[in-house]
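Participant: Dropping the structure in here first, questions after.
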Amino acid sequence: MVPRPLIAPGHSLTRGIILKEGSLLTKYERYQPHKIEPFWRQKWEESALYRAVIDHSKPKHYALTMLPYPSGDLHIGHWYAMAPSDARARFMRMQGYNVLFPMGFDAFGLPAENAALQRKIHPHNWTMSNIERMREQLKTMGAMFDWEREIISCLPDYYKWSQWLFLQFYKKGLAYKKLSPVDYCPKCNTTLAREQVWGEDRHCERCETPVIKKELEQWFLKITEYAEELLDFSQIDWPEKVITMQQNWIGKSEGAEVTFKLEEGQELKVFTTRPDTLWGVTFMVLAPEHPLVESLTTPEQRAEVQAYQYQASRQSEIERLAVDKEKTGVFTGSYAINPVNGERIPVWIADYVMMSYGTGAVMAVPAHDERDFAFAQKYNLPIKVVISPAGKDLGELTAAYTEIDDGIMVNSGPFTNTPAREGQQKVIAWLEERGQGKKAVNYRLRDWLISRQRYWGAPIPIIYCDQCGVVPVPEEELPVLLPEDAEFLPTGESPLKHHEKFLHTTCPQCGGAAQRETDTMDTFICSSWYQYAYLSPYYQGSTPFDPEEGAYWLPVDQYTGGIEHACMHLIYTRFFTKVMRDLGLVNFDEPMLSLRNQGIILGEDSEKMSKSRGNVIAPDDLVGAYGTDAVRVYLMFGWRWELGGPWDSHGIEGCYRFLNRVWELLLTPVEAKPQPAAEKIKTLERKVHQTIKKATAELQNFSFNTYIASLMELSNLLAKLKPDLWGSKEWIESSKIFTLLLAPACPHLSEELWTRLGEEYSVHNQRWPQWDENLVTEESVEIVVQINGKIKDRLVIPVEAEEELIQEKALALPGIQAVLAGKTPRKMIYVKGRLLNIVL
RNA sequence: GCCGAAGUGGCGGAAUUGGCAGACGCAGUAGACUCAAAAUCUACCGCCCUCAAAAGCGUGCCGGUUCGAGUCCGGCCUUCGGCACCA
């Protein structure tokens with residue numbers, strides 16, 4: 001027999017047919033992942049096995065996993081995210097889908113620039129050499145990535161489209177420049193979007209340095225315009241947790257905008273969620289920065305007000321937001337008129353009111369709002385009860401009464417005795433009639449600040465002309481190239497600011513001298529549309545991607561990645577897709593139909609992996625020690641995927657042992673028995689079909705750990721039956737099915753086994769096995785017999801046995817007779833194929 | 001404070017959604033093989049009593065529904081995550 005050319009070098013071919021004839025291998029061959037894995041990867045590449053091309057004869061499946069930042073080395077977190085996602089994509093492929101599973105690099109970002117400063121390497125070179133390295137590391141993962149679709153977001157042919165999209169946003173009025181107090185990271189020397197400021201101490205998401213506030217002119221994208229639509233999750237199957245986080249982030253609150261007249265004549269608008277408490281307003285509070293403060297302050301109060309404003313402006317965000325901070329404020333000397341009852345109410349300023357939310361002014365109802373209550377107590381302002389629970393007199397309040405559902409409006413003019421909940425709507429209608437207010441909705445969501453004072457990003461394609469003002473770069477002039485010869489100095493300022501050739505340009509409108517915008521775009525812009533770039537990398541047409549590719553592959557069917565992006569990337573990309581839809585670039589509302597999040601792998605000490613702790617697990621080392629397939633199996637088997645947990649170096653050894661056993665099991669022959677027992681064949685077939693069913697369901701459901709467990713169970717049974725069934729046609733068939741079921745998890749080993757079992761390349765082009773429901777069900781089952789819910793005996797019985805027969809047999813069981821002791825059962829409950837409970 | 005998720009052996013985790021708790025694996029114990037070790041194989045492996053068996057107990061705590069609760073309901077406790085002077 002001539003060995004197939006496909007077999008890994010140094011290996012002899014062992015074919016199922018030979019084994020069936022009873023010839024024994026003389027040479028003991030071990031599982032050697034280091035020989036077979038590189039061999040098959042090369043073969044896959046040569047035969048373009050994973051090339052994804054449009055094929056209208058098949059249903060498509062766009063599987064996507066979050067692209068990595070090229071930090072230099074692939075770490076175990078990347079493997080944990082990607083390898084199981086790959087197994088899922090492979091499973092879909094074997095189910096008959098035409099699967100697209102691309103990979104690329106989110107290549108702009110600050111670390112490259114820091115490396116430039118520290119080690120005098122140009123960010124471009126640093127990034128590209130990291131990509132070279134990481135691409136090779138990624139390839140050792142044995143994933144079915146289609147590398148011909150790779151994208152690198154820092155290449156001009158890519159960021160040209162990031163810039164183009166910015167211009168479309170600008171033309172639609174969705175990109176604007178505004179002077180406002182913004183979050184600034186003093187370590188990264190750049191402004192940040194609010195999404196990138198985390199935690200109670202408001203630190204930078206990247207470097208964990210607490211941010212400071214700066215008043216700067218910055219570019220924003222109007223994501224708030226889409227706030228309401230972003231709250232609609234009806235078209236996507238996303239984890240509840242992500243949805244909740246996005247809902248919290250967007251923070252919708254419904255209520256009314258009420259117009260108060262100031263005695264001086266101006267209007268003061270406030271937002272309230274409690275229009276039912278309008279009759280209880282006893283003072284107004286403005287944010288210290290509120291534009292009306294200046295004109296409202298009376299000469300007597302001026303000194304005090306200005307001192308307070310100064311102090312508030314100097315306070316850091318953290319100080320101002322400190323949870324238990326005592327309320328402070330200052331009276332402006334002016335009064336407003338409550339539109340509902342004409343009462344004269346004092347206007348104060350206080351730093352517990354934020355200029356950035358609502359109108360920057362609130363109507364204070366101390367009786368029914370905790371903050372207003374605390375403030376009123378401190379400054380001896382009146383507290384007027386206008387909501388009380390079911391007719392009860394609240395008396396002297398010791399705390400604000402904030403209940404709504406059992407509250408009744410009191411002392412509220414025409415609305416007295418109206419239930420509070422009902423009153424909210426009625427008061428709004430009443431205000432609208434009288435022209436004093438209207439229904440209003442407020443969102444916590446802020447517009448997306450995209451300016452970064454950094455070099456290594458896509459330049460914002462804007463030109464400033466003394467004559468024409470803000471002028472967008474014409475589309476045909478894109479990309480606005482990053483100059484290569486930038487000088488990196490540790491000044492904290494962007495090198496673009498001092499790059500004369502970049503900075504000075506001519507105005508596209510008047511041709512006069514003009515200057516370029518020197519800020520670059522947030523890298524989250526690049527990753528907001530990358531799923532479209534994979535369709536036709538660096539597309540040269542008139543849109544960011546080839547519409548024909550888009551029509552076939554879009555939208556993304558299955559997205560996987562970390563939950564840390566819930567309120568950043570995952571909101572941004574939804575926003576981008578909705579805008580792209582409104583631009584006519586796509587015809588759907590949501591970029592990713594289904595999303596699953598993996599957890600985080602911790603060090604063996606249960607701490608977050610970090611170089612300083614010395615608890616980092618390097619995938620390259622693991623591949624060296626156990627081979628890719630064992631690492632993949634352990635990453636799937638070790639934890640619930642969505643949770644993750646601490647690494648266990650013994651755990652991976654267990655998985656490596658499993659693969660060794662599989663190798664032995666399927667490839668090392670034993671003496672064939674001439675007449676295999678029929679009942680053993682039956683046992684094998686049943687388990688095989690049960691395993692197909694189970695593995696299918698578990699993979700469908702991202703339950704990788706139980707998918708692997710089901711394969712282990714099957715291999716355990718195969719090992720037990722091997723001495724009896726080796727060489728039989730059922731054995732060979734089962735071996736092949738096992739190999740197919742193993743293929744998503746172990747692409748290399750399964751390919752090698754498949755060849756050695758005498759089958760044609762490639763195992764990855766085979767159809768996923770089908771189970772036969774008739775073979776899945778057991779013929780006889782063990783029924784648990786309980787008395788009063790406690791197990792007393794067991795009964796083995798054919799599965800289709802009648803209930804009466806089971807009852808009869810159960811009552812005759814010795815274990816039951818003993819407990820029964822002549823008593824008559826009150827009733828018996830039978831659960832088909834499971835148990836019989838005898839109730840005394 | 002508000003919202004959400006999770007608590008199961010020494011460990012990671014299973015449990016067909018109300019029906020045998022602890023699948024599968026790790027760690028451990030004993031044995032086989034070996035001059036010995038490693039590797040491999042076999043058996044055991046929730047707690048408590050016991051020579052053993054049987055009984056009893058057991059899914060964070062307390063209570064409830066049910067023939068039957070890890071699973072459902074009510075009330076707590078703990079841990080983690082998100083939001084937070086957001087009007």
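Participant: For chain A, what is the mean residue ellipticity at 222 nm derived from helices alone (per DSSP H run of n ≥ 4: -39500 (n - 2.57); sum divided by total residues; nearest 500 deg cm²/dmol)? Mind dumping the intermediate values first?
Facilitator: Details: 28 runs with 302 residues, N = 840.
Helix-only estimate at 222 nm: -11000 deg cm²/dmol.
Participant: May I pose another question? Please say if the range A:650-702 is rounded, prolate or oblate, where rounded means a/c under 1.5 for a ≥ b ≥ c the square roots of the C-alpha gyration tensor eigenvalues, and otherwise the choice is prolate for a/b larger than b/c and oblate otherwise? Could the numbers behind the result be given before it?
Facilitator: Numbers: a/c = 3.50, a/b = 1.23, b/c = 2.84.
Taking the square roots of the gyration eigenvalues as a ≥ b ≥ c, the range A:650-702 is oblate.
Participant: Okay, next question. So for the range A:35-170, Kirkwood radius off the Cα pairs, Stokes-Einstein at 10 °C and 1.306 mPa s: how many µm² s⁻¹?
Facilitator: Details: Rh = 16.6 Å.
D = 96 µm²/s.
Participant: Tally Lys/Arg at +1 and Asp/Glu at -1 over every other residue whose Cβ is under 15 Å from the Cβ of residue A:802; what's the total?
Facilitator: Details: positive: A:809, A:832; negative: A:800, A:803, A:804, A:808.
After counting each charged neighbour, the total is -2.
Participant: Using Cα-only point scatterers and the Debye equation, what is log10 of I(q)/I(0) for the range A:472-543 at each q in 0.15 Å⁻¹, rounded to two decimals?
Facilitator: The Debye formula, applied to the Cα set alone, gives -0.71.
Participant: I've got another one for you. Pairing the Cα long axis of helix A:678-700 with the longest principal axis of chain A, what angle in degrees results, from 0 to 90 and rounded to the nearest 10?
Facilitator: 20 degrees
Participant: Now, a different point. Pick out, from A:683, A:709, A:221, the residue whose Cα sits farthest towards the positive end of the charge dipole of chain A, with +1 on the Cβ of Lys and Arg and -1 on the Cβ of Asp and Glu.
Facilitator: A:683
Participant: Give the ranking of A:405, A:237 by solvent-accessible surface, highest area first, calculated with a 1.4 Å probe.
Facilitator: Working: A:405 110, A:237 85 Å².
From most exposed to least exposed: A:405, A:237.
Participant: With a 10 Å radius around each residue's Cβ, average the other Cβ atoms per peptide and rank A:376-389, A:608-621, highest first. If you can, show how the numbers build up before the last one.
Facilitator: Numbers: A:376-389: 17.8, A:608-621: 13.4.
Going by the mean number of other Cβ atoms within 10 Å, highest first, we get A:376-389, A:608-621.
Participant: If amide H atoms are built 1.01 Å from N in the plane of the peptide, which residues on other chains or at least 5 residues away come under 5 Å of the amide H of residue A:599?
Facilitator: Distant-sequence amide H within range of residue A:599: A:642, A:643, A:644.
Participant: Taking the 0 to 90 degree range and rounding to the nearest ten, how far is the long axis of helix A:420-433 tilted relative to the main principal axis of chain A, both from C-alpha atoms?
Facilitator: 50 degrees
Participant: Now for a separate question. Mean shadow of chain A, computed from the convex hull of its alpha carbons, in nm²?
Facilitator: Working: hull surface 197.2 nm².
So the Cα hull casts an average projection of 49.3 nm².
Participant: Something else about it: Using Cα pairs closer than 8 Å and at least 6 residues apart in sequence, work out the relative contact order for chain A, in percent.
Facilitator: About 15 percent, as a whole number.
Participant: Now, a different point. Starting from 0 in steps of 10 Å, tell me what percent of the Cα-Cα pairs of the range A:778-839 lands in each bin.
Facilitator: 24, 61, 15, 1
Participant: Let me ask something else about it. Share of Cα-Cα pairs in the range A:252-443 beyond 23 Å, in percent? Walk me through the numbers before you get to the answer.
Facilitator: Numbers: 7602 of 18336 pairs.
Tail of the P(r) past 23 Å holds 41 percent of the pairs.
Participant: Taking amide hydrogens as modeled 1.01 Å from N in the peptide plane, which residues meet the under 5 Å criterion relative to residue A:352, leaving out close sequence neighbours?
Facilitator: Hits under the 5 Å cutoff: A:328.
Participant: With axes computed from alpha carbons, what is the tilt in degrees of helix A:33-46 against the longest principal axis of chain A, rounded to the nearest 10 within 0 to 90?
Facilitator: On a 0 to 90 degree scale, this one is about 70.
Participant: Another question, if that's okay. Only Lys, Arg, Asp and Glu count, each charged at its Cβ (+1, +1, -1, -1), so figure out the dipole size of the range A:778-839 about its Cα centre, rounded to 20 debye.
Facilitator: Working: 9 positive and 9 negative charges, 106 e Å.
Computed charge dipole of the range A:778-839: roughly 500 debye.
Participant: While we're on this one: What three numbers, in Å, describe the spread of the alpha carbons of the range A:89-139 along their principal axes, ordered from the longest?
Facilitator: Sorted from largest, the Cα extents of the range A:89-139 read 50, 18, 11 Å.
Participant: With +1 on each Lys and Arg Cβ and -1 on each Asp and Glu Cβ, and nothing else charged, work out how big the dipole of chain A is about its Cα centre, in Debye to the nearest 20. Working shown, then result.
Facilitator: Details: 92 positive and 111 negative charges, 385 e Å.
So the dipole magnitude of chain A works out to roughly 1860 debye.
Participant: Using the Karplus curve 6.51 cos²θ - 1.76 cosθ + 1.60 with θ = phi - 60°, work out ³J(HN,Hα) for each residue of the range A:138-150 in order, rounded to whole Hz, and write x for Gly and Pro.
Facilitator: 3J(HN,Hα) across the range A:138-150, in whole Hz: 4, 5, 5, 6, x, 7, 8, 4, 8, 5, 6, 9, 4.
Participant: Taking H placed 1.01 Å from N in the peptide plane, check which residues at least 5 places from residue A:792 or on another chain put their amide H under 5 Å from its amide H.
Facilitator: A:785, A:786, A:787
Participant: What order, most packed first, do the peptides A:686-695, A:586-595 have when packing is the mean number of other Cβ atoms within 10 Å of each residue?
Facilitator: On the way: A:686-695: 21.8, A:586-595: 18.4.
Top to bottom by mean Cβ count within 10 Å: A:686-695, A:586-595.
Participant: With θ set to phi - 60°, apply the Karplus curve 6.51 cos²θ - 1.76 cosθ + 1.60 along the range A:202-217 and write out the HN-Hα couplings as whole Hz, x wherever there is a Gly or Pro.
Facilitator: These are the phi-based 3J(HN,Hα) values: 6, 9, 5, 4, 7, 10, 6, 6, x, 7, 10, 8, 9, 8, 9, 8 Hz.
Participant: Hey, another quick one. What percent antiparallel are the DSSP beta bridges of chain A, to the nearest 5? Could the numbers behind the result be given before it?
Facilitator: Details: 73 of 98 bridges.
Roughly 75 percent of the DSSP beta bridges within chain A come out antiparallel.
Participant: If you don't mind, another one. What lysines sit close enough to residue A:171 to cross-link, taking a C-alpha to C-alpha distance under 29 Å and skipping anything fewer than 8 places away on the same chain?
Facilitator: A:160, A:214, A:222, A:252, A:497, A:501, A:578
Participant: Share of antiparallel DSSP beta bridges in the range A:252-443, in percent to the nearest 5? Before the final figure, lay out the partial values.
Facilitator: Values: 29 of 32 bridges.
Antiparallel bridges: around 90 percent, rounded to the nearest 5.
Participant: Can I ask one more? If packing is taken as the average count of other Cβ atoms within 10 Å, what order do A:795-808, A:177-190 fall into, highest mean first? Could the numbers behind the result be given before it?
Facilitator: Values: A:795-808: 13.1, A:177-190: 17.4.
The most tightly packed comes first, giving A:177-190, A:795-808.
Participant: Largest first, how would A:152, A:408 line up by accessible area (1.4 Å probe)? Intermediate values should be presented prior to the final figure.
Facilitator: Working: A:152 5, A:408 45 Å².
Reading off the accessible areas and sorting them downward yields A:408, A:152.
The values are calculated or read from the model by the stated rules, or taken from the named source; none is laboratory data. If you're wondering where the values come from, they're calculated on a predicted model, not measured in any experiment. Positions of Cβ are generated from backbone atoms using ideal geometry, with glycine treated the same way; all protein chains shown enter the neighbour counts. Quick note on the areas: whole protein, heavy atoms, side chains included, nothing else; ligands and nucleic acids left out. Shrake-Rupley method; radii C 1.70, N 1.55, O 1.52, S 1.80 Å.
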